[in-house]
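The values are calculated or read from the model by the stated rules, or taken from the named source; none is laboratory data. All figures in this text were calculated on a predicted structure; none of them were measured in a lab. Glycine also receives a Cβ, built like all others from the backbone with ideal geometry; neighbour counts cover every protein chain displayed. The accessibility values were calculated without ligands, DNA or RNA, using every heavy atom of the protein model including side chains. Shrake-Rupley method; radii C 1.70, N 1.55, O 1.52, S 1.80 Å.
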Amino acid sequence: MLMNVQPPVHFDHARCTRCALCEEICPRHVPETTVVGGQRVPRVNPKRAELCIRCGHCVAICPRGAVRMDGISAGEHSPSRSPAVEPGALQELFTTRRSVRRFKDAPVTRDHIDRVVTAALSAPSAAGSTSRGIITVTDPTALDRMMREIHRTYEGLMRALGSTVGRFFVRRYVGPRRFRAVTSFVQPALRWYLRWYREGERDEISRGAPAVMVFHGPIDEPSIDETCMVMATHGMLMATAIGVGSLMNGMIPPACNQNREVRDLIGIPEGHEAYISLCLGYPRYQFRKTIRRPSGSARYV
Ligand SMILES: Cc1cc2nc3c(=O)[nH]c(=O)nc-3n(C[C@H](O)[C@H](O)[C@H](O)COP(=O)(O)O)c2cc1C
Ligand code: SF4
Ligand code: SF4
């Protein structure tokens, strides 16, 4: 976590060859080699100790295994090894992945959930987050209750948007940019989704997924929303690789944050917010074509 006054980085001077790679690689210039007793040794620069983001680069780069960090375990990795994934296969995964919104009526196996969680937790984090979290809801009763509450929250939003005073407060709460997204994108769809749910037809918010993963983190952590987004993306791609259908879902988190019952039910910690969610389940249908996605611009300068 940012602002660690004493970074838990330790150097084994007996092993160290003074190559200074740890100094060179650190994104925050925390380690430095300095002369102590006539010998150059690596140490933590005391003035920059608080800058450590616990990224583990210093541990990963050291050719002698002479850097250790509390709370970070290091696995072996040979740099000469060819890439773990063939690039063409990776691009194929990106191209063929589609958002899945119709799921089989079957639970996702624990092994598959664990793989998605492991992939998500392998994602980078903006500030060396140790507090980011993933909550996976698979218990049918809990999921049912959670989605009922989420629909109730959105019913409240729709009522508010129906009056001038309500619209004023919603706009003030979410800000003008998000308010435009709410009125032009979310509100028209919600009219249908809420009606169908009320009439007992279907849940078009979670799409009836048998597993919902909520990505959360401390509101005061730098770029925590992006950190959650990257976690979810890693999870989504692993889900695709193992044949689990996934849907990145931006409608679930705001309602989780607003609704005390949901927060308590799934255990979102105090001071945390949910930023993105993933709906998971086995796809009911197989897509037969890849669709060229509307591309953004890419310029080379
Ligand atoms: C940040 C984000 C939030 C999303 N939220 C929702 C959502 O709440 N409900 C939904 O049905 N799809 C949601 N999607 C899925 C997009 O609609 C989908 O990715 C897009 O239509 C492109 O389709 P594809 O993923 O199959 O390429 C979300 C996607 C992203 C990236
Ligand atoms: S990278 Fe390892 S061997 Fe090189 S200076 Fe740092 S601790 Fe010593
Ligand atoms: S963990 Fe990262 S930020 Fe901290 S000292 Fe090592 S390389 Fe620098």
- Query: Among the candidates PRO218, PRO222, which residue alone is within 16 Å of ligand 3 (Cβ to nearest atom) and not aromatic (Phe, Trp, Tyr)?
  - Reply: PRO222
- Note on the structure: Sole miss for LEU280 among (1) more than 10 Å from ligand 1 (Cβ to nearest atom); (2) under 30 Å from GLU86 (Cβ atoms); (3) open to solvent by 10 Å² or more (accessible area, probe 1.4 Å); (4) assigned to a strand (DSSP E or B) is condition (3)
- Sort through GLU221, GLU273, GLU201 and tell me the only one that's more than 14 Å from ligand 1 (Cβ to nearest atom), out of contact with any Lys or Arg (no Cβ under 9 Å at 6 or more places or on another chain) and at negative phi. GLU273
- Item | Where TRP196 falls short, out of the listed (1) closer than 17 Å to GLY156 by Cα; (2) of a type outside the set (A, V, I, L, M); (3) surrounded by 17 or more Cβ atoms within 10 Å (Cβ to Cβ) | (3)
- Message: Test of understanding: among ARG177, ARG172, which residue is over 30 Å from THR138 (Cβ atoms) and at pLDDT below 95?
- Response: ARG177
- In the range 1-108, which helices (runs of 4 or more DSSP H) lie fully inside it and hold 2 or more residues that are away from ligand 3 (no atom under 16 Å from the Cβ) and more than 24 Å from PRO222 (Cβ to Cβ)? 87-96
- Query: Somewhere in the range 143-163, is a residue assigned to a helix (DSSP H, G or I), surrounded by fewer than 11 Cβ atoms within 10 Å (Cβ to Cβ) and of a type in the set (Val, Ile, Thr)?
  - Reply: no
- If you check PRO253 against the conditions, is it surrounded by fewer than 21 Cβ atoms within 10 Å (Cβ to Cβ) and either of a type outside the set (A, V, I, L, M) or not in a strand (DSSP E or B) (or both)? no
- Item | The listed residue being more than 27 Å from SER78 (Cβ to Cβ) and aliphatic (A, V, I, L, M), out of VAL30, VAL35 | VAL35
- Note on the structure: Scanning the range 15-33 for residues that are near ligand 2 (Cβ under 8 Å from one of its atoms) and among the basic types (Lys, Arg) gives ARG15, ARG18
- Could you tell me whether the range 5-16 includes any residue that is aromatic (Phe, Trp, Tyr), in contact (Cβ under 8 Å) with a residue 24 or more places away in the chain and more than 16 Å from ligand 1 (Cβ to nearest atom)? yes
- Query: For residues in the range 50-73 being hydrophobic (A, V, I, L, M, F, W, C) and away from ligand 2 (no atom under 13 Å from the Cβ), which is farthest from the chain's Cα centre (by Cα)?
  - Reply: LEU51
- Scan the range 70-119 for residues that are more than 23 Å from ARG292 (Cβ to Cβ), open to solvent by less than 50 Å² (accessible area, probe 1.4 Å) and β-branched (Val, Ile, Thr) and report the count. 4
- Selection from the range 232-246 of residues over 17 Å from GLY217 (Cα atoms) and open to solvent by less than 10 Å² (accessible area, probe 1.4 Å) yields ALA239, VAL244, GLY245, SER246
